[in-house]
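Engineer: Have a look at this one before I ask anything.
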Amino acid sequence: MAEQHVIRVLRDKRSELAGLVKGLERELGEHRAALMHLDVTMRLFDPETRPEEIGPRQRRRCNAWFRPGECLRLIYDVLRDAPQPMTTREVVERMTELKSISLSDDCQHALIQKTVLASLNRAKDTIERVETAGVVRWRGRQAARERCQ
């Protein structure tokens, strides 16, 4: 008797996932068609262009802690006020204080640290990575300090 219930629930879940996959495949087909039309249009304006050489742009997902661009601005604020280079952990602690973010567990702390580290790594032109004795620290480059002040 209980097995019938389990089978019914599994069938419902499979039906839901199959519908999701079908919808995503349809959406993928629409995006591929739009991309093809865009390539043709680009070639109309410039026959020498090679659209296939244009690399895909990585999509970043928004997170619950920061609005778009806010994480990097907070990093600049933290590093601008720092008398010496800071570790990623120190930057995260200072940012959570500034934003009044309460992290309930280690998993959340790890996720926010990963978010901050990704922003630090993307800002190579304005934030300097300093490694001393195997410890990575960060400081704002002089150009970033002058631009932000």
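The values are calculated or read from the model by the stated rules, or taken from the named source; none is laboratory data. Values in this document were obtained by computation on a predicted structure and should not be read as measured data. Using ideal geometry, Cβ is built from the backbone for each residue, glycine included, and neighbour counts are taken over all protein chains shown. Please note that ligands, DNA and RNA were not included when accessible areas were found on the heavy atoms of the full protein model with its side chains. Shrake-Rupley method; radii C 1.70, N 1.55, O 1.52, S 1.80 Å.
Engineer: Can you work out the Karplus-derived ³J(HN,Hα) for every residue in the range 128-133? Use 6.51 cos²θ - 1.76 cosθ + 1.60 with θ = phi - 60°, whole Hz, and x for glycine or proline.
Structural biologist: Once rounded to whole Hz, the list reads 9, 8, 10, 10, 9, 6.
Engineer: Show the residues, 5+ positions off or on another chain, whose built amide H is closer than 5 Å to the amide H of Arg137.
Structural biologist: So Arg137 has HN proximity to Val130, Glu131, Thr132.
Engineer: State, as an integer percentage, the relative contact order of the chain based on alpha-carbon contacts under 8 Å between residues 6 or more apart. List each step's numbers first, then the result.
Structural biologist: Details: 82 pairs, mean separation 28.9, N = 149.
With pairs under 8 Å counted, the relative contact order is 19 percent.
Engineer: Report, to the nearest whole %, how much of the accessible area of the chain belongs to carbon and sulfur atoms, 1.4 Å probe, protein only.
Structural biologist: Numbers: 6400 of 12170 Å².
The computed percentage sits at 53.
Engineer: Longest span of the chain, sites excluded, free of trypsin sites (Lys or Arg not before Pro) in DSSP loop with at most 11 other C-beta atoms within 10 Å? Can you show the working numbers first?
Structural biologist: On the way: sites that count: Arg57, Arg59, Arg60, Arg61, Lys124.
Free of exposed loop sites, the longest segment is 62-123.
Engineer: A further question on this structure: Full-extension gain between Ser100 and Leu44, please, as 0.36 nm times their residue separation minus the C-alpha to C-alpha distance. Display every interim value, and only then the final one.
Structural biologist: On the way: separation 56, 0.36 × 56 = 20.16 nm, distance 5.30 nm.
Value of the extension gain: 14.9 nm.
Engineer: If you don't mind, another one. Largest first and to the nearest Å, give the Cα extent of the range 8-149 along each principal axis.
Structural biologist: 57, 54, 29
Engineer: Another question about this same structure. Which GluC sites (Glu not before Pro) in the range 1-55 pass both tests, a DSSP loop state and at most 10 other beta-carbon atoms within 10 Å? Before the final figure, lay out each step's value.
Structural biologist: Values: sites: Glu3, Glu16, Glu25, Glu27, Glu30, Glu48, Glu52, Glu53; in loops: Glu48.
Here the sparse-neighbourhood loop sites are Glu48.
Engineer: Also: Please calculate how many Å² of accessible area the range 1-119 carries per residue, with a 1.4 Å probe and no DNA, RNA or ligand atoms counted. Don't jump to the answer; show the numbers that get you there.
Structural biologist: Details: 9970 Å² over 119 residues.
Per residue, the range 1-119 has an accessible area of 84 Å².
Engineer: Same structure again: Given the DSSP H assignment, sum -39500 (n - 2.57) over each helix run of at least 4 residues in the chain and divide by its residue total; what's the result at 222 nm in deg cm²/dmol, nearest 500? Write down the numbers at each step before the final one.
Structural biologist: Details: 5 runs with 92 residues, N = 149.
Result for the chain, helices only: -21000 deg cm²/dmol.
Engineer: Just to confirm the number: angle between the C-alpha axis of helix 88-99 and the first principal axis of the chain, 0 to 90 degrees, nearest 10?
Structural biologist: Value to nearest ten degrees: 80.
Engineer: Can you list the HN-Hα couplings for the range 77-87, worked out from phi with the Karplus curve (6.51, -1.76, 1.60; θ = phi - 60°), rounded to whole Hz and with x for Gly and Pro?
Structural biologist: 4, 5, 6, 4, 7, 7, x, 8, x, 10, 6
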